[in-house]
Amino acid sequence: NAGVTQTPKFRILKIGQSMTLQCTQDMNHNYMYWYRQDPGMGLKLIYYSVGAGITDKGEVPNGYNVSRSTTEDFPLRLELAAPSQTSVYFCASSYSRDSGEAFFGQGTRLTVV
Amino acid sequence: DAKTTQPNSMESNEEEPVHLPCNHSTISGTDYIHWYRQLPSQGPEYVIHGLTSNVNNRMASLAIAEDRKSSTLILHRATLRDAAVYYCILRLRSARQLTFGSGTQLTVLP
């Protein structure tokens, strides 16, 4: 099993550009999450989804959008990139809220210049 | 949400046990205690979780105080590969979110 796969691994964006961070999981998990991690800091929840067609905001949703059209995929969209969005982005998934274990991808390192 | 308090950093010698503390004085009866760790330049990985009883798995043990206001993650024999940031997280059984705090940076000395 591949687990949680994120693409790309690295990206440099110019201010005002847009991009989509891809996340896919092959474990048939209902719950999926997007986090950002600034240098030397903990993870902050951006958006999460409890199943296809259902998404909700986390702690820091401004400047981002998500969709969940399938169980496997949970893309994160940045519409107008800003320097404050320079960060490492992690996608994660788990079976349900009762599941102890969430699986994380390897991250996407994004720099906005 | 109930909060957790962890030391910013700890050191351990290789092949010795490590006890990582976590205080959660406002824990509710339905909060699970989860531990994750994040190795350098990697995504977090699940370590262990529990509700009331002590728990063991191949990676670690989780000791939960009788009043549940604190817990301790125990690595029985630290290796250099265990150097990571360890996060103690409370998760309501009904919660959809998984919220991280600042964690403890564990340094393992050879």
Equivalent ellipsoid semi-axes, region A:1-89, via Cα gyration tensor eigenvalues times 5, rooted, Å: 21, 14, 13
Taking only pairs that are 8 or more places apart or on different chains, how many Lys pairs in the protein assembly as shown have Cα atoms under 21 angstrom apart? 5
How many percent of DSSP beta bridges within chain A run antiparallel, rounded to 5? 90 percent
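So how much slack lies between A:N30 and A:V50, counting 0.36 nm per residue of separation and subtracting their Cα-Cα distance, in nm? Can you show the working numbers first?
Working: separation 20, 0.36 × 20 = 7.20 nm, distance 0.55 nm.
Full-extension gain reported as 6.6 nm.
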Give the separation of the Cα centroids, region B:12-28 to region A:68-113, in Å. 28 Å
Over chain A, what relative contact order in percent results from Cα pairs under 8 Å that are six or more residues apart? 36 percent
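For region B:34-110, what is the per residue volume of the convex hull drawn over the alpha-carbon atoms, in cubic angstrom? All intermediate terms of the calculation are to be shown ahead of the outcome.
On the way: hull volume 8.0 nm³, N = 77.
It comes to 104 Å³ per residue, whole-number rounded.
Using +1 on the beta carbon of Lys and Arg, -1 on that of Asp and Glu, and nothing else charged, what's the dipole of the protein assembly as shown about the Cα centre, debye to 20?
Working: 20 positive and 19 negative charges, 109 e Å.
So the magnitude is around 520 debye.
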Please give the charge dipole size of chain B, origin at the Cα centre, charges +1 on K and R Cβ atoms and -1 on D and E Cβ atoms. Round to the nearest 20 debye. 420 debye
Per residue of A:40-48, what is the mean number of Cβ atoms on other protein chains within 10 angstrom of that residue's Cβ? 4
Counting Lys and Arg as +1 and Asp and Glu as -1, what is the net charge of the other residues whose Cβ lies under 15 Å from the Cβ of B:E16? -2
Pop a pseudo-label 7 angstrom from the Cα along the beta-carbon direction at both A:T111 and B:E16 and give the gap in nm to one decimal. 4.0 nm
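Where a number appears in this text, it was derived from the coordinates with a stated rule and is not lab data. Treat the numbers as computed from the prediction; the structure is a model and nothing was measured. In this analysis, Cβ positions are derived from the backbone assuming ideal geometry, glycine residues included, and neighbour counts consider all displayed protein chains.
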